[in-house]
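Have a look at the structure below before the remarks.
The values are calculated or read from the model by the stated rules, or taken from the named source; none is laboratory data. For clarity, every value in this text was computed on a predicted model and none was experimentally measured. Every residue, glycine among them, receives a Cβ derived from its backbone with ideal geometry; neighbour counts consider all protein chains shown. Note: accessible area is taken over every heavy atom of the protein model, side chains too, but ligands, DNA and RNA are not part of it. Shrake-Rupley method; radii C 1.70, N 1.55, O 1.52, S 1.80 Å.
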Amino acid sequence: SELRIIMSQFENQVKAYVLFALPNGVGVEWTESDSWRKATSIPGLRVQQDVAEYESQLFGVKTSGHVILYSKKGELLFSGGITGARGHEGDNSGLDQIISLLKNSGKRQLESPVFGCPLQDSKQQ
């Protein structure tokens with residue numbers, strides 16, 4: 001829901017991707033969920049499977065719902081959550097920070113709490 005807010009305001013100004021973890025050993029139906037359907041309904045959002053969780057490992061993402069924002073120059077501007085709690089919708093500092101950064105009026109915030117499910121089995125870490 002928070003990502004829908006961001007995309008409604010900045011759809012033509014950002015390239016946004018949502019990656020759904022597809023761990024080794026599971027079929028593509030793993031990602032067929034309400035969350036997938038909601039994400040694909042957001043205009044301008046690219047929704048993809050993260051096969052073998054390659055991208056999440058590459059970017060150091062360990063929890064679902066983790067958001068990363070880079071500048072056009074590739075500078076990390078934000079890394080963290082955009083919800084106030086797991087399953088929470090509404091005002092929160094992460095969402096406010098992303099919107100501020102996209103309006104070019106915010107300072108980088110390299111960390112924000114992420115509330116979601118662990119992506120990788122603890123045996124893999």
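Testing A39 on (1) among the small types (G, A, S); (2) at pLDDT below 75; (3) under 16 Å from F20 (Cα atoms), one condition comes back false. Which one is that?
Looking at each condition in turn, A39 falls short on (2).
Please count how many residues of region 15-35 are closer than 15 Å to E2 by Cα and modelled with pLDDT under 95.
1
If I ask for residues that are open to solvent by less than 30 Å² (accessible area, probe 1.4 Å) and of a type in the set (D, E, K, R), which ones from region 34-80 would you list?
D50, E53
Kindly state which helices (runs of 4 or more DSSP H) lie completely within region 1-92 and contain at least 2 residues that are in contact with a strand residue (DSSP E or B) (Cβ under 8 Å, 6 or more places away or on another chain) and more than 20 Å from V114 (Cβ to Cβ).
Counting at least 2 such residues, we get no helices (runs of 4 or more DSSP H) at all.
If you check I42, I99, I6, which single one turns out to be within 12 Å of the chain's Cα centre (by Cα) and aliphatic (A, V, I, L, M)? Let's see the steps before the verdict.
Details: I42 fails: within 12 Å of the chain's Cα centre (by Cα); I99 fails: within 12 Å of the chain's Cα centre (by Cα).
It is I6.
If a residue must be open to solvent by less than 30 Å² (accessible area, probe 1.4 Å) and at pLDDT 75 or above, how many such residues does region 103-117 contain?
1
Residues being of a type in the set (S, T, Y) and free of Cβ contacts under 8 Å to residues at least 12 places away in the same chain: count how many of those fall in region 34-46. Don't jump to the end; show me each part of the working.
Restricting attention to region 34-46, the residues satisfying the condition of being of a type in the set (S, T, Y) are 35, 40-41.
Applying the additional criterion that residues be free of Cβ contacts under 8 Å to residues at least 12 places away in the same chain yields 40-41.
Residues flagged as of a type in the set (S, T, Y) and free of Cβ contacts under 8 Å to residues at least 12 places away in the same chain within region 34-46 amount to 2.
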